[in-house]
Amino acid sequence: MQKILFDSHTHLNNDDFTPEEREERIREIEASDVGYICDIGFDMPSSRLAYEHAKKYSWCYAAVGMHPHDSQYMTEEGMEELKAMAADPKVVAIGEIGLDFHYDLSPRDTQRYWFRRQIRLANELAMPIVIHSREADREVMDILIEEGAFSEERKKMFSDGTPHVDIHCYSGSAEFSKEYLKLGAVLGVDGPLTYKNNRKTVEVVETVPIESLLVETDAPYLTPVPFRGKPNRSPYVEYVARKVAEIKGMEYGDVARITAENAKRFFLID
Ligand code: NI
């Protein structure tokens, strides 16, 4: 084991896992080359679980937040609870938050409202932000800009002077990614990069500097080739890193190491 990989976006907190399945996932991670994960909250129960995992396992960090799917269930008490959890040093980001106009599981205005409120919370707490964006790319960027996620004031909160915004599972064009890079965002890539015919994301990886890329699984979803069709697992982040290496003509070990450094820098982990 080399412990060289950082799965920057995973759901060990997935609510469909039985306790035995979760134990098995934990053992798999501990026996793999994955040195760190960030367990990403998507509602209140999953945020609490990510928080518990982060406190329990040295290799686990957490993000807490309300996904746009469930934003209709967000409350002021929920915001207070996110804030309280975020005070723990192992909670390293607010997320995943954003807009999802593909499924529209919560009314769009409700999605927008709680997205804005959670960006403001991340600004107030000087914390990294993990973004979910589906069929709402331009509006997500506009709201991030309007709420100061890329402002000079926010960048000054961090010693590296970058805004610490991660566009998880980036699925936009290479052209659009340039706008995000100019703003200082980092882009997360996962299983879909390995899918046949996904020329668009390959082009993104070709053009984006390695320093601005994070590798992730979004497990148990978005399983990379050659395991596509089975549930995804954090150790499969290796196949995402291997694909990045192939596209960029780099050594796999270098991609693993550099993207892990990127994730540590992004989440402010020493
Ligand atoms: Ni996710």
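The values are calculated or read from the model by the stated rules, or taken from the named source; none is laboratory data. These numbers come from a predicted model, not from an experiment. Neighbour counts are summed over all protein chains in view; Cβ atoms, including those assigned to glycine, are modelled from backbone coordinates with ideal geometry. Accessible surface areas use protein heavy atoms only, side chains included; no ligands, DNA or RNA. Shrake-Rupley method; radii C 1.70, N 1.55, O 1.52, S 1.80 Å.
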Worksheet entry | Full-extension gain in nm, residue 27 to residue 212, via 0.36 nm per residue minus C-alpha separation | 63.6 nm
Response to the item:
With +1 on the Cβ of every Lys and Arg and -1 on the Cβ of every Asp and Glu, the dipole magnitude of the stretch 137-270 about its Cα centre, in debye rounded to the nearest 20, is 540 debye
Discussion item. Positive end of the dipole of the chain, charges at C-beta (+1 Lys, Arg; -1 Asp, Glu), about the Cα centre: which of 34, 253, 98 has its Cα farthest in that direction?
Written reply: 253
Worksheet entry | Cα-based Kirkwood hydrodynamic radius, the stretch 159-212, one decimal, Å | 11.5 Å
Practice prompt. Take the alpha carbon gyration tensor of the chain, find the square roots of its eigenvalues, order them as a ≥ b ≥ c, and report rounded if a/c is under 1.5; if not, report prolate when a/b exceeds b/c, else oblate.
Written response: rounded
Worksheet item: What is the distance in Å between the Cα centres of the stretch 1-80 and the stretch 127-202?
Response: 21 Å
Worksheet item: Of all the accessible heavy-atom surface of the stretch 54-171, with the other protein chains kept in place and a 1.4 Å probe, what percent is carbon and sulfur?
Response: 50 percent
Fill in: Within the chain: Cβ-based charge dipole about Cα centre, in debye rounded to nearest 20 (Lys, Arg +1; Asp, Glu -1)
520 debye
Discussion item. For the stretch 5-266, what does the accessible surface come to per residue with a 1.4 Å probe? Please give it in Å².
Written reply: 42 Å²
Item to complete: Calculate, for residue 178 and residue 77, the FRET efficiency according to 1/(1 + (r/R0)^6) with r their C-beta to C-beta distance and R0 45 Å; round to the nearest 0.05.
Response: 0.65
Worksheet entry | Per residue Cα convex hull volume in Å³ - calculated over the stretch 12-59 | 67 Å³
Practice prompt. Rounding to the nearest 20 debye, state how big the charge dipole of the stretch 70-144 is about its Cα centre with +1 on each Lys and Arg Cβ and -1 on each Asp and Glu Cβ.
Written response: 200 debye
Item to complete: List the longest stretch of the chain that has no exposed loop site; here a site is one of the GluC sites (Glu not before Pro) assigned by DSSP to anything other than H, G, I, E or B, with at most 16 other Cβ within 10 Å.
Response: 1-134
Item to complete: Could you pull out the trypsin sites (Lys or Arg not before Pro) across the stretch 216-247 that fall in loop regions by DSSP (anything but H, G, I, E, B) with no more than 12 other Cβ atoms inside 10 Å?
Response: none
Response to the item:
Judged on accessible area alone, 1.4 Å probe, highest first, 104, 270 line up as 270, 104
